[in-house]
Amino acid sequence: MIFQVSSFSVTINMFSELVGIIAVMAAAFYLASAWVTDYRAEDGPVPRRGALPGAVPCPMLAILVGVGGAVALVGLETAGEYALGIHHKQQSITVLYLGAMMGAAFIEELIFRGYLLVQNRGRAALVGSIVGFSLIFALLHPFLWEWTDSGLRLSLGIMGAFSTAFVFMKSVWFYVLRVFPLNERRSLLPCIAAHISANLAVFTIKAVQGHVTALY
């Protein structure tokens, strides 16, 4: 009976995770479609009113710089995990989870780098918003905490602190891409491309390390 109840619980958890992944992918597809529509209308005869943030073109160099920096950060993070001896503690994921990682990258960029940025109020406000919102962004990732049956539990270990620090640094980088000189029109394209590339690099590394364990 214990085995049967345990198996049922595992099945429910797997189903919930699958539904969550599909929901993230669907939401990302919907928002991305709206963003692309605004992007295409930006340079047309009648730009759309109330367009989503950052739906404007940018130089290819800005995108390449963004992608290169993001992948470099993932490389440094991986090297640090090996140096600290925590690389084997990575969470295992499925192949389908890659879709959620790509979708989450777009949604997070639209929310944080799109809306959560103080602009046109001076350099101090701009830098302060980048640091502040990056800290919030990092803490929202469950590396220093987790939900259990008894509620919220803190997990203040070296791995959690290390992973949170790198999420913070990557967030700052994505913000920099939104406002740096190569991106004069403050397009979200470099941010989105960099975030997707970072998540794809993380997935690839996990696959090489044997932490991609199933199709779904």
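A short reminder: the numbers here are calculations on the coordinates, not readings from a lab. These figures come from a predicted structure and were not determined experimentally. Every residue, glycine as well, gets a Cβ built from its backbone with ideal geometry; the counts of neighbours run over all protein chains shown.
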Long-range HN-HN contacts of Trp145 with modeled amide H, under 5 Å: Ser155
R0 of 25 Å, Cβ-Cβ distance Ile107-Leu182: FRET efficiency to nearest 0.05: 0.55
Length released on extending from Val118 to Ala27, taking residue separation times 0.36 nm less the Cα-Cα span: 30.2 nm
Highest average packing first - 187-199, 56-68, Cβ atoms within 10 Å: 187-199, 56-68
Estimated distance in nm for a label pair at Val95 and Ala41, the labels positioned 7 Å out from Cα along Cα-to-Cβ: 3.8 nm
All Cα pairs of region 2-214, percent lying beyond 21 Å: 60 percent
J(HN,Hα) series, region 144-154, from Karplus relation 6.51 cos²θ - 1.76 cosθ + 1.60, nearest Hz, glycine and proline x: 9, 7, 7, 8, 10, 4, 9, x, 6, 10, 6
Under 5 Å, built H, 5+ apart or other chain: amide partners of Ile93: Val212, Thr213
Computed label-point distance, nm, for sites Ala161 and Leu139 using a 7 Å Cα→Cβ extension: 1.7 nm
Per-residue [θ]222 nm for the chain (sum of -39500 (n - 2.57) over DSSP H runs n ≥ 4, rounded to 500): -22500 deg cm²/dmol
Cβ crowding within 10 Å averaged over residues, with 30-38, 122-130 ranked highest first: 30-38, 122-130
Phi to ³J(HN,Hα) by Karplus 6.51 cos²θ - 1.76 cosθ + 1.60 over region 184-197, Hz, x for Gly, Pro: 4, 8, 6, 5, 8, 4, x, 5, 5, 4, 5, 5, 4, 5
Net charge, Gly132 excluded, C-beta distance under 14 Å - Lys, Arg +1, Asp, Glu -1: +2
J(HN,Hα) series, region 55-70, from Karplus relation 6.51 cos²θ - 1.76 cosθ + 1.60, nearest Hz, glycine and proline x: 7, 9, x, 8, x, 4, 4, 4, 5, 5, 4, x, 5, x, x, 5
All Cα pairs of region 48-91, percent lying beyond 15 Å: 63 percent
